[in-house]
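*Asks:* Have a look at this one before I ask anything.
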Amino acid sequence: MENQKNFLTTAPYKGTRDFYPDEMRLRNWMFSVMRETVLSFGYEEYDGPILESFDLYKAKSGEEIVERQLYDFVDKGERRVAIRPEMTPTLARMVAGNLRNLPRPVRWFSIPNLWRYEQPGKGRLREHWQLNVDLFGVDSFRAELEILLIADSILKRFGAPEGSYQIRVSHRKLLDSFLKNTLKLNADQVHGVSKLLDKKSKISAEAFETEIKPFLDDATKQIPWIEKFLSSDLQSVSEIPEIDPESVSFIRDLFGELQALGVTKQLIFDPSIVRGFDYYTGCIFEVFDTNPENRRSLYGGGRYDNLIGLFSKEQLSGIGFGLGDVTFKNFLEGHGLIPNLNREKTVFLPIMEESLFLETFKLSKELRENGILAETMLDSAKIGKQIQTAEKKGYRFVLFLGESEISTDTVQIKDLISGEQKSLPRNGLSEILKKDFQL
Ligand code: HAM
């Protein structure tokens, strides 16, 4: 019998992705559009380590993350560490560590990879990338105004049409006042009901009712109130007894100004937004695709007043959001917003004859020195085969340099999309390629 060798799998670890060049090109494009947008608002990029102390998350990230989703272990020096499941604690640590020197408002962004031990499924993986945009040092709703305008601008910069997404906004104090004051629940009940509301959309109505009952004193009276609260608009929510009036007027003022800035139909007040993290204290929001195939949120964020307080006596309020690459890519695909990312901006140079290798290599060097991107073959295979390679690699333009072109000081250019081919002078070639071929 033939000797069976146990080969290793080429599949990546469960819930993670390999980014082959095609996917990497897409990812780079997506992040470059996001970067351009946040840079245009004056935000600066930061980064931190992928490994942090376990305690950083224990304090505020919330039990679902810490107990079920954290990749944590004890290192060789007996320190309990965790791979970052989110960026906000690292950000708070970094801002707190340099609090006195940072000019305010602090406007920072980052695109970290994050790890959560999740059951992988549509829109959920174990490793994802997340654009984080955060602003510190502004207590008024102008911070919310800017952050939500950025959230909207990113989608618009990708060409998202009206009606393709919704920005759903609420306020932590609305829910808190409803549970504590209207329903008169104690702290444990508030905690239990909030967690359940956060996962309400993922379970059936029957399961929700069964699971909520143990947290209520009088389910037959309280469940209809909960339904009323969850389905209310800004007017009707303000009529619920003992609801926090300040958060209602906060959202009303915020919406007024956002609408004046052109964020209109996509803006929705939604009291059922809860957000799973314990650190949010004010306005909270999530952005959703309206395509029912892509049900999980595109962005999540809100205001957190007390995170800096973990590290110092000082207070500094922060607000921001995380935008995940998995659901966002689904959004772009679903709405046909991904442009042709083939390598139309790079020219491909085959080797027409073995003896012309150095001449061809010189030409590509000359082109690069003039700002043209160029890839050269390293062998002179049959020309048809070399063109096939160019097609497979996603090129559009091929430059031929044969004996007759050398003797006439020209090159031939072929457009693989239209099939057209023509002769160009060698003199001033780079300028012609830039001007006439947008290279
Ligand atoms: P989050 O809601 O946990 O918030 O995540 C934000 C976004 O990241 C989600 O809307 C989703 O697009 C994406 N996301 C989260 N987990 C996964 C996963 N397992 N697989 C794929 N995508 C995922 C936060 O992380 C907050 N720290 C955001 C924030 C920044 N708040 C203030 N500043």
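All of the numbers you see were taken from the coordinates with simple rules; none came from a lab. What you see is a predicted model; the values in this text were computed from it and never measured. Every residue, glycine among them, receives a Cβ derived from its backbone with ideal geometry; neighbour counts consider all protein chains shown.
*Asks:* Would you kindly compute the Cα radius of gyration of the range 21-335 and its largest Cα-Cα separation (Dmax), both in Å?
*Replies:* 19.4, 58
*Asks:* Below 13 angstrom from the Cβ of Ser177, what's the summed charge of the other residues (Lys, Arg +1; Asp, Glu -1)?
*Replies:* It works out to a net charge of 0.
*Asks:* Now for a different question. Given only helices, namely DSSP H runs of n ≥ 4 each adding -39500 (n - 2.57), what is the per-residue ellipticity at 222 nm of the chain, to the nearest 500 deg cm²/dmol?
*Replies:* Here the helix-only value at 222 nm equals -11000 deg cm²/dmol.
*Asks:* Let me ask another. Please report, in debye to the nearest 20, how large the charge dipole of the chain is about its Cα centre when each Lys and Arg carries +1 at its beta carbon and each Asp and Glu carries -1 there.
*Replies:* 340
*Asks:* Could you identify which residue out of Leu131, Leu70, Leu185 has the top mean-square fluctuation in a GNM of the chain using Cα springs shorter than 10 Å?
*Replies:* Its mean-square fluctuation being the largest, the pick is Leu185.
*Asks:* Can you classify the range 67-152 as rounded, prolate or oblate using the Cα gyration tensor, where a ≥ b ≥ c are the square roots of its eigenvalues, rounded means a/c under 1.5, and otherwise it's prolate if a/b beats b/c and oblate if not? Walk me through the numbers on the way to the answer.
*Replies:* Values: a/c = 3.19, a/b = 1.42, b/c = 2.25.
Note, shape of the range 67-152 comes out oblate.
*Asks:* Considering the chain as a Gaussian network with a 10 Å cut-off on Cα pairs, which listed residue, Ile372, Ile147, Ile284, attains the greatest mean-square fluctuation?
*Replies:* Taking springs between Cα atoms under 10 Å, the residue moving most is Ile372.
*Asks:* If I take R0 = 51 Å and measure r between the Cβ atoms of Ser312 and Leu341 in this structure, what FRET efficiency does the formula 1/(1 + (r/R0)^6) give, to the nearest 0.05?
*Replies:* On the way: r = 45 Å, r/R0 = 0.88.
FRET efficiency, Ser312 to Leu341: 0.70.
*Asks:* A further question on this structure: Mean projection of the alpha-carbon convex hull of the range 121-241 over all orientations, in nm²?
*Replies:* Dividing the Cα hull surface by four gives the mean projection, 10.7 nm².
*Asks:* A further question follows. Work through the residues other than Gly137 whose Cβ is under 10 Å from its Cβ and net out their charges, Lys, Arg +1 and Asp, Glu -1.
*Replies:* +1
*Asks:* For Arg124, which sequence-distant residues (separation of 5 or more, or a different chain) have an amide H within less than 5 Å of its own amide H, given hydrogens modelled in the peptide plane?
*Replies:* Placed amide hydrogens put nothing under 5 Å from Arg124.
*Asks:* Under 1.5 on a/c is rounded, so check that first for the range 343-437, then, if it is not, pick prolate when a/b is larger than b/c and oblate when it is not; a ≥ b ≥ c are the square roots of the alpha carbon gyration tensor eigenvalues.
*Replies:* The shape class here is rounded.
*Asks:* For the chain, give me the percentage of DSSP beta bridges that are antiparallel, rounded to the nearest 5 percent. List each step's numbers first, then the result.
*Replies:* Working: 48 of 60 bridges.
Percentage antiparallel, nearest 5: 80.
*Asks:* Under 5 Å between amide H atoms, partner at least 5 residues away or on a different chain: which partners does Leu267 have, H built in plane at 1.01 Å?
*Replies:* Ile167
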